[in-house]
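K.L.:
Handing you this structure, nothing more for now.
The values are calculated or read from the model by the stated rules, or taken from the named source; none is laboratory data. It should be emphasised that the depicted structure is a prediction, and the values quoted were computed from it without experimental measurement. FYI the Cβ positions are ideal-geometry reconstructions off the backbone, even for glycines, and counts take in every protein chain you see. Ligands, DNA and RNA are excluded from the accessible area calculation, which covers all protein heavy atoms including side chains. Shrake-Rupley method; radii C 1.70, N 1.55, O 1.52, S 1.80 Å.
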Amino acid sequence: MTGIAPDPDLQKIVVLIPCYNEEVAIRQVVRDFRAALPEAPIYVYDNNSSDKTVEVARAEGAIVRTERIQGKGHVVRRMFADIDADFYVLVDGDATYEATAAPAMLELARTEGLDMVNGARVTDREAAYRRGHVLGNRVLTGMVTTVFGRRLSDMLSGYRVFSRRFVKSFPALSAGFETETEFTVHALELSMPIGEVPTRYIERPPGSTSKLRTYSDGLIILRTIINLVKQERPLLFFSVISTIFLLLALILGAPVLATYWETGLVPRLPTALLSTGLVVLSALSLTCGLILDSITLARLEAKRIAYLALPAPQIGGF
């Protein structure tokens, strides 16, 4: 008996929009994505907005749900748990992303069977993408891609297309804006098939204010990157710490050793003890890295098996 290939046109596509106080922008976002993807249901997940975000979204025909725990990461976790679809379009509710790029992103995901397509932001408007944000994004993206693989140019984009296999295998452990970093590392760590599409990025509409806190959120993202390196690349992480301890031990202990070889005396006993302690800490750090690397390999195998247990994206164009 021969199987019948599923019709790609029957695949379910949903638009997911996390929102917090986006009364000014959400109407335009819902309208633009309904025009770009007329058959896709649009879900707006409100995160304790104090304005009329919920009323405006409902008036535009969006399906509105609420997540009470504050933070974008919590909203993403709830959305991914609640909604079942073949492809998910995730976009911020601030009207800064190009809705007309969604069909191209979905087509790339479907024609090549990709688990994630990233909307890489392109703009010539400084008000939309300030130089400090551009520099911070490049630095943070460079750090992640250096460790996990250079396959994306805009790690912090809030505009992505995911397959069901990605969404249902994504642990969603972050609480806030660092969830974009977690998306990227999850895809790179499991060597998922991914792609990127340049998308136009514009400033927020008048009256809309950003929830991004440049320095504090940047530090949170940096801390998340460091934690992810510790968790996913422990040998690298603890080898760096081990090397630092060893270098400090050599710098402090070299003069003591030189004096001992010349005179047979150890005149600076505290320094000698400190150097010895640093060597011990260096060895312990390297040992921790080796042990945790074996544990990480087992975790990676478990995550890979969970990922492979889900059906792959069906390949076929629109």
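K.L.:
So for the range 222-318, what are the equivalent ellipsoid semi-axes in whole Å, largest first, each being the square root of 5 times an eigenvalue of the Cα gyration tensor?
P.N.:
Sorted largest first and rounded, they come to 47, 12, 9 Å.
K.L.:
Rounded to whole Å and sorted largest first, what semi-axes of the equivalent ellipsoid does the C-alpha gyration tensor of the range 17-132 yield via the square root of 5 times each eigenvalue?
P.N.:
For the range 17-132, the semi-axes come out at 22, 19, 15 Å.
K.L.:
Which percent of Cα-Cα pairs in the range 215-275 sits in each 5 Å bin, short to long?
P.N.:
Percent of pairs per bin, in order: 4, 16, 15, 13, 10, 11, 9, 8, 7, 4, 1, 0.
K.L.:
Can you give the relative contact order of the range 23-129 as a percent, counting alpha carbon pairs under 8 Å and 6+ residues apart?
P.N.:
27
K.L.:
Express in Å², to the nearest 10, the accessible area of residue 63 obtained by rolling a 1.4 Å probe over the protein heavy atoms while all chains stay in place.
P.N.:
Taking all protein chains as shown, residue 63 has close to 70 Å².
K.L.:
If you don't mind, another one. Could you compute how much accessible surface residue 237 exposes when probed at 1.4 Å, giving the result in Å² to the nearest 10?
P.N.:
Counting only protein heavy atoms, the figure is 50 Å².
K.L.:
Between the range 71-90 and the range 37-53, what's the alpha-carbon centroid distance in Å?
P.N.:
12
K.L.:
Please list the helices of the chain that count as membrane-span-like by this rule: a mean Kyte-Doolittle hydropathy of at least 0.5 together with Cα atoms stretching 20 Å or more along the helix axis, each helix being a complete DSSP H run.
P.N.:
Those that pass (Cα extent of 20 Å or more, hydropathy at least 0.5) are 131-148, 234-263, 269-308.
K.L.:
Please report the relative contact order for the chain, taking Cα pairs under 8 Å with a sequence separation of at least 6, and give it as a percent rounded to a whole number.
P.N.:
About 20 percent, as a whole number.
K.L.:
Report, by chain and number, residues whose modeled amide H sits under 5 Å from the one on residue 203, excluding near sequence neighbours (fewer than 5 apart, same chain).
P.N.:
128
K.L.:
Non-local amide H neighbours of residue 45 (under 5 Å, H modeled in plane, Pro and chain starts lacking H): which ones?
P.N.:
Under 5 Å from the amide H of residue 45 lie the amide H atoms of 17, 19, 65, each far enough along the sequence or on another chain.
K.L.:
Any chance you could look up the accessible area of residue 292 with a 1.4 Å probe, heavy atoms only, rounded to 10 Å²?
P.N.:
Answer for residue 292: close to 70 Å² accessible.
K.L.:
What does the highest-first list of 158-167, 253-262 look like by mean Cβ count within 10 Å? If you can, show how the numbers build up before the last one.
P.N.:
Working: 158-167: 24.5, 253-262: 13.4.
Descending mean neighbour count gives 158-167, 253-262.
K.L.:
Between residue 244 and residue 300, how many nm apart are label points set 7 Å from Cα along the C-beta direction?
P.N.:
2.3
K.L.:
Also: Determine which aspartates and glutamates satisfy two conditions relative to residue 230: a Cα distance under 12 Å, and not lying fewer than 8 residues away in the same chain.
P.N.:
Straight-distance partners of residue 230: 293.
K.L.:
Rolling a 1.4 Å sphere over the protein heavy atoms, what is the accessible area per residue of the chain, to the nearest Å²?
P.N.:
On the way: 16150 Å² over 318 residues.
That works out to 51 Å² per residue.
K.L.:
A further question follows. Can you pull the percent of Cα pairs in the range 273-318 with separation above 15 Å?
P.N.:
Summing the P(r) of the range 273-318 above 15 Å gives 67 percent of all pairs.
K.L.:
I would also like to ask the following. Of the accessible area of the chain, with the probe set at 1.4 angstrom, what percent is carbon plus sulfur?
P.N.:
62
K.L.:
From the C-alpha gyration tensor of the chain, pull out the three semi-axes of the equivalent ellipsoid (sqrt of 5λ each), sorted largest to smallest, in whole Å. Walk me through the numbers before you get to the answer.
P.N.:
Numbers: eigenvalues 428, 117, 53 Å².
Semi-axes, largest first: 46, 24, 16 Å.
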